[in-house]
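The values are calculated or read from the model by the stated rules, or taken from the named source; none is laboratory data. All of these numbers come straight from a predicted model, not from anything done at the bench. Reconstructed Cβ throughout: ideal geometry from the backbone, glycine too, with neighbour counts over all protein chains shown. We work out accessible area using only protein heavy atoms, side chains counted, and drop any ligands, DNA or RNA first. Shrake-Rupley method; radii C 1.70, N 1.55, O 1.52, S 1.80 Å.
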Amino acid sequence: MELSKNYDPKEAEPRWQKHWEDSHTYKADINTKKKVYSIDTPPPTVSGRMHLGHAFSFSQQDFIARYKRMRGYEVYYPFGTDDNGLATEKLVQKEKKVNAAHMEREAFIKLCLDFLKEERSKFVQDWKNIGMSCDFNLTYSTIDDYSRKISQKSFLDLAKEGLVYRKEAPVMWDTMFQTAIAQAELVDVEKKSFFNDIFFTTEDGKQLIIGTTRPEMLGACVALFAHPEDQRYKKYFGKYAYSPLYKARVPILPDEKADPEKGTGIVMCCTFGDQTDIEWYKKHNLPLKMIITRDGKMDQAAGKYAGMKIEEARKEIIEDLKKSGLLVKQREITHTVNVGERSGQPVEIINSKQWYVHYLDQKERFLQAAEELKWHPQHMKHRLDNWIKGLNWDWSVSRQRKFGVPIPVWYDKHGKTYYADESQLPVDPLKDRPKSAPKGIELIPEHDVFDTWFTSASSPFLAINLAEGKPIHSKLFPMNLRPQAHDIINFWLFYTMAKTQLLHGVNPWAEVAISGFVLDPKGEKMSKSKGNVIAPQDVIQKFSADAIRFWAATSRLGEDLPYQEKDVLTGQKFVTKLWNASKFALLHLEDYDDTGKEKERKVTPVFDRWLLSKLHKVIKESTHSFEHHEYAKTKSEVENFFWHTFCDNYMEIVKDRLYNPDVRGTEERKSAQHALYTTLLSVLKMIAPIMPHITEEIYGLYFAEKEGKKSIHLSAWPESNQDLIDEKIELAGDLGVDIINAVRKYKSAQQLSMKEGFTRLILGNDDLEFHQMIKSMEADLKAVLNVKEIVFVGQTSLESDKFNIKIGLVK
């Protein structure tokens, strides 16, 4: 055993990470007879480097994986990367200093693929560096042939079920990236704006005041609406008004969706300002007037404002309304605006031909599916429920981008759709031809690609099909766990659940574990613009991976956690203390025999039994906590037990028996050795899922050979023995510790060395049972307190903290 050296995480952690990967420590046995625990590992988006939120949430899911492995499960834990989305496109353009809009599709795709080939291994290394126990030889990329085939097949399967369709219709549009986006890709932000009251004029010259925040949409106004029971406007229903500036003749119509309490009670319907405009457009068969282009500018139909950006046109129109006397009043407001999750730009609604997955009529089914999932924490289910109840659109899955998974369809000149044959997947319609099409027929290939969430929604199958054809494959679905952050419940969790329900009629997993966000020390969201981003790579370099994992374990699932360096420092101190305590323990275990009769040894000294009783309580509580994914409780219980019960008290009490077997006797030393061995091994195992490197280092020095295991992470989780939990013994031990602490406090107050000796310890208590308790641990008390004699009298000058015992000392 190399116990003389200090533990250096900078050297040890990379060494163990390489060892685990080289020796396939975390590889699932494809022929296993064990019960399998399969994890739908989140594939991180290749958009730069790992951020602190990644380190936080991935550590938390890894705690669960490592615990399950030690509980005897065959843990199936692959690793994927999500690299076919806008985030990757943005990164490539930034790093390669190119503009995708100015490149041929094939050239840009090649550039992206070449970049990913260069960068992916560097990107993934960050996950290895925090000690993830995934099988990094079992991987996928959401843009590789394997993933494209699975994604395209899921589309064909949905088509066979009649659940996909293509139509020209209003669609949410991101003008920065010039692509359709789904409802889940919207973010609500508060923006300052103006509410403008403007005049419309009826055919008989009456003026109607209409309130709007978007006067630039006047050129797209196709009707005015008021509530059917609104007495102010009943007389106008069926008549017409003229829009200001454009002088377009529009009908005045009744509809119950118009709110009499909002603004002036009468509103304009434009194609399209919001979801209500779309509903009115369809319901009342209104004409279509599109005045905003795909790149966020005003169309030719906007007249003199054509070519202007939206904000610019809004200002110009307001000025023109003022000059024409058509602006009644204007007031500043703050209102909620839908923006693209990636671009941050306000979303427009344009008419465009897109592919959709039909699921809007399945809300009740999806709510029931959410109910059947086991949620950690339970309250996160409400987010999904609210999202499902608020769905207004079918799932728009086509995107107008160059880099992505191609939609496997073609069209003839009559508009007939030809789907790829499953045998030809993966396909690129721009290069390939469907087997189902007659020879010689001219086909138009689909240029659009899938929304990245459509492919990510197949992640359970991207994971489990890596083992296709192997015996373990039949045990993997439905998967056991989906771990993920709470910000993508409406995206990844919902889409995966919905898609799997539509295709397979079951949930993709049994339970979901939802992690929170990492905030800056002031509790604010981290962002580059604020300059408050903390890189996990820097934290690991300053402290260690185990320390950052220890910090991540301070937060329960679902909780947001402000980053405090002092919490990471606490983790690093734990690493150091664990190493030093283990050095002491292992030094005294060199001659310990844990086989045969020694293994069944019954400890007799009170403090040994006291330690083991408390230990088995901690094992019981920690096991229960981890079974419910409450790793933070386990970390807290083990940390407190290790520092206070084991290090501060027991290790000090037992030193005399370990160092002086000739005086105290061999049997008492062996009892102490057994208690040390059992406790240290159990502590290492209980903290191993959280701090895998330091525990592996210590285990490998001594316990691996004893247990015949190549890794602590492949060893068995400790079992609690109810027979060893003894409340009476704990009471006696607590009494002894309380006396020790009282004497320590006295010595400290008198500025005496803790080694200062006394002739006599006087205890003021006449109770016979008390006398018997003290007598049972007298030898250990005399040794640790350095007193020659313990006597009992009625009254003394000192008092213990807990048991109200009078204590006296005689020099």
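To the nearest ten degrees, helix 310-323 and the longest principal axis of the Cα atoms of the chain are 50 degrees apart. Modelled spin-label separation between residue 506 and residue 411, with each label point placed 7 Å from Cα along the Cα-to-Cβ direction: 3.9 nm. FRET efficiency for the residue 306 to residue 535 pair, using the beta carbon distance and R₀ = 51 Å, is estimated at 0.65. Full extension of the chain between residue 190 and residue 570 yields a length gain of 132.9 nm, computed as 0.36 nm times the residue separation minus the alpha carbon distance.
For the modelled label position 7 Å from the Cα of residue 230 along Cα-to-Cβ, which residues of segment 250-273 have backbone nitrogen atoms closer than 12 Å? Only 252-269 fall inside the zone, counting backbone N under 12 Å.
Keeping the other protein chains in place, figure out the carbon and sulfur percent of the accessible area of the chain, with a 1.4 Å probe.
Carbon-and-sulfur percentage of accessible area, whole number: 48.
Take the Cα of residue 786, step 7 Å toward its Cβ, do the same at residue 256, and the gap between the two points is 8.9 nm.
Over 30 Å between Cα atoms: which of 239/322; 97/542; 402/522; 381/614; 635/728; 34/160 fall into that group?
Details: 239/322 27 Å; 97/542 33 Å; 402/522 41 Å; 381/614 37 Å; 635/728 27 Å; 34/160 37 Å.
Those over the limit are 97/542; 402/522; 381/614; 34/160.
Placing a pseudo-label 7 Å from each Cα along the Cα-to-Cβ vector at residue 15 and residue 99 gives an inter-label distance of 5.4 nm. So what's the angle, to the nearest 10 degrees on a 0 to 90 scale, between helix 9-22 and the longest Cα principal axis of the chain? With rounding to tens, the tilt is 70 degrees.
Using the Cβ-Cβ distance between residue 527 and residue 382 with R0 set to 30 Å, the FRET efficiency from 1/(1 + (r/R0)^6) comes to roughly 0.65. The convex hull around the C-alpha trace of the chain, projected and averaged over every direction, spans 45.1 square nanometres. Taking Lys and Arg as +1 and Asp and Glu as -1, the other residues whose beta-carbon sits under 14 Å from that of residue 119 total 0. Stretching residue 322 away from residue 470 to a fully extended chain increases their span by 45.9 nm, per 0.36 nm per residue minus the current alpha-carbon distance. Applying 0.36 nm per residue to the separation of residue 644 and residue 264 and subtracting their alpha-carbon distance, the gain on full extension is 129.9 nm.
Residues of segment 210-254 falling in the label zone of residue 333, defined by backbone nitrogen less than 15 Å from a point 7 Å along Cα to beta-carbon, are 210-217. Taken as Cα centroids, segment 401-415 and segment 198-272 sit 41 Å apart, rounded to the nearest whole angstrom. Annotation note: GluC sites (Glu not before Pro) in segment 430-477 located in DSSP loop regions with a Cβ neighbour count of at most 16 within 10 Å are 442, 468.
For segment 1-107, applying the loop criterion from DSSP together with a ceiling of 11 other beta carbons within 10 Å to the trypsin sites (Lys or Arg not before Pro) yields 5, 33, 97.
List the trypsin sites (Lys or Arg not before Pro) within segment 408-498 that fall in a DSSP loop (any state other than H, G, I, E or B) and whose Cβ has at most 14 other Cβ atoms within 10 Å. In loop regions of segment 408-498 (DSSP not H, G, I, E or B), the sparsely surrounded trypsin sites (Lys or Arg not before Pro) are 413, 416, 431, 435, 439.
Cα axis of helix 363-372 to longest principal axis of the chain: angle in degrees, 0 to 90, nearest 10? In the chain, helix 363-372 runs at an angle near 0 degrees to the longest axis.
Return the FRET efficiency for the residue pair residue 285, residue 636: r is the Cβ-Cβ distance, R0 is 51 Å, and the value is rounded to the nearest 0.05. Write down the numbers at each step before the final one.
Values: r = 64 Å, r/R0 = 1.25.
With a Förster radius of 51 Å, E is 0.20.
Residues of segment 566-593 with an amide N closer than 16 Å to a point placed 7 Å from the Cα of residue 655 along the Cα-to-Cβ direction: 580-588.
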